[in-house]
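Data first, discussion second: the structure below is written as structure tokens.
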Amino acid sequence: MKRYIAFDVGGTKIKHGILNEKGDIIEKGKYNTKYKQLDEFVDMMEKVIKQYISKYDIEGIAISLPGFIDYNTGYSVKAGAIECLNGKNLKEILEKELNLPVEIENDANCAGLAEKFNGNAVGCNDFICMTVGTGIGGAVIVDGNIVHGHGFRGGELGFMINNDDKLMMNENSSTGTLVREYKKYKKMDEECLVEGYEVFKEAEKDENVNKMIENLFDRISRGIFNLAVILDPEKILLGGGISEREGFIEKIEEKLYGYKEWENVKVDIGLCKHGNDAGLIGAVYNFIKRHGK
């Protein structure tokens, strides 16, 4: 069975692994992201690649990367938190050093591809993935293909403005938003570490905190409603840590049914399957699609 090296590059950690052509993860690991110096970033990635090559026969290298990525060439128009890759082409750099093909795709798009490959969108050609985390991520799939857009900015759901405050969803609809509002309410230092689950627990006894959560669900559902009426997808799949909470989908649907037209425009709302492995799996599927192997 064929083997692929996959990387899921994040601002804090870089996950990596060996996957087969079915998307099964055979081996995986991670290391801290060094995103300031290009040489250091590439050297650490090449070290992992060479370790895997010494153990497996490899078909190619598949990478999930943040930012606006020209998936045809591998060029990073802007690479999110990975500053050293802004205006650089990681595909060309690696292929020059290694005798292996490399394919790169935006990280949120990889999450969508993972669901299409062997997740909760198998057999579905028109769907949207929205991930709710520190920010809002997204992928739009139409006729079985990622909508990249003219400038490779398609599916940037976190940039949508969905409220009178004129803030983007990244700024008013994420778990990062909730944590910031909570710390401000509790008069906590901005550097204090607070996890989302702690806010939900506090909401059980503090009505003001509960209101923050209700407002968060209002804003998330508003974004989902707008996507549904614009694109009329078969499904909208939701991911991110908050989606793992019991009753999450039911709460979103409760908010959606509060819109008078939802009954007429509604689509299936479900959960993403792959969680933290989505980037690795989707990156490999992108490679297979582009190479036909």
Nearest 10 degrees is fine. How inclined is helix 38-53 to the longest principal axis of the chain, computing both from alpha carbons? 70
Probe 1.4 Å, accessible area per residue of the range 161-211, Å²: 69
Cα-based Rg of the range 118-215 per 2.2 N^0.38 Å, rounded to two decimals? 1.33
Rounded to a whole number, what % of the accessible area of the chain do carbon and sulfur atoms account for, probe 1.4 Å? 46
On a 0 to 90° scale, report how tilted helix 278-291 is relative to the longest principal axis of the chain, with both axes built from alpha carbons and the result rounded to the nearest 10. 50
Given 154-160, 115-121, the highest-first ranking by average Cβ count within 10 Å works out to 115-121, 154-160
Counting every Cα pair in the range 1-91, what percent are over 24 Å apart? 19
In the structure shown, do any of 2/266; 34/96; 186/251 have a Cα-Cα gap over 29 Å, and if so which? 2/266
Compute the signed sum of charges (Lys and Arg +1, Asp and Glu -1) over the other residues within less than 15 Å, Cβ to Cβ, of residue 146. -4
Magnitude of the charge dipole, the range 87-157, Cβ model with Lys/Arg +1 and Asp/Glu -1, debye to 20: 100
Can you give me the C-alpha center-to-center distance between the range 152-231 and the range 16-42, rounded to a whole angstrom? 30
Rounded if a/c under 1.5, otherwise prolate or oblate - the range 59-176, Cα gyration tensor axes: oblate
Leaving out ligands, DNA and RNA but keeping every protein chain, what accessible area does residue 3 have, in Å² rounded to the nearest 10, with a 1.4 Å probe? 60
Which label in (1) 41; (2) 25; (3) 35 gives the computed percent of Cα pairs over 33 Å apart: (2)
Per residue, accessible area of the range 52-94 with a 1.4 Å probe, heavy atoms of protein chains only, in Å², comes to 40
With the Cα gyration tensor of the range 159-293 giving a ≥ b ≥ c as the square roots of its eigenvalues, does the rule (a/c under 1.5 for rounded; else a/b larger than b/c for prolate; else oblate) give rounded, prolate or oblate? oblate
Dipole magnitude (debye, nearest 20) for the chain, charges at Cβ of Lys, Arg, Asp, Glu: 560
From the residues 66, 37, 90, which one has its Cα farthest along the dipole of the range 1-153 in the positive direction, the dipole being from +1 and -1 charges on Cβ of Lys/Arg and Asp/Glu about the Cα centre? 37
With 5 Å bins from 0: P(r) over the range 52-91, alpha-carbon pairs, percent: 6, 23, 28, 13, 11, 14, 5
For the range 214-270: span of alpha carbons on each principal axis (Å, largest first): 27, 21, 14
Please report the antiparallel percentage of DSSP beta bridges with both residues in the chain, rounded to the nearest 5. 60
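The values are calculated or read from the model by the stated rules, or taken from the named source; none is laboratory data. Since the structure is predicted, the reported quantities are computational estimates derived from the model, not experimental observations. Note: ideal-geometry Cβ built from the backbone for every residue, glycine included; neighbour counts use all protein chains shown. For the accessible areas, the whole protein counts, side chains as well, though only heavy atoms, and no ligand, DNA or RNA atoms are used. Shrake-Rupley method; radii C 1.70, N 1.55, O 1.52, S 1.80 Å.
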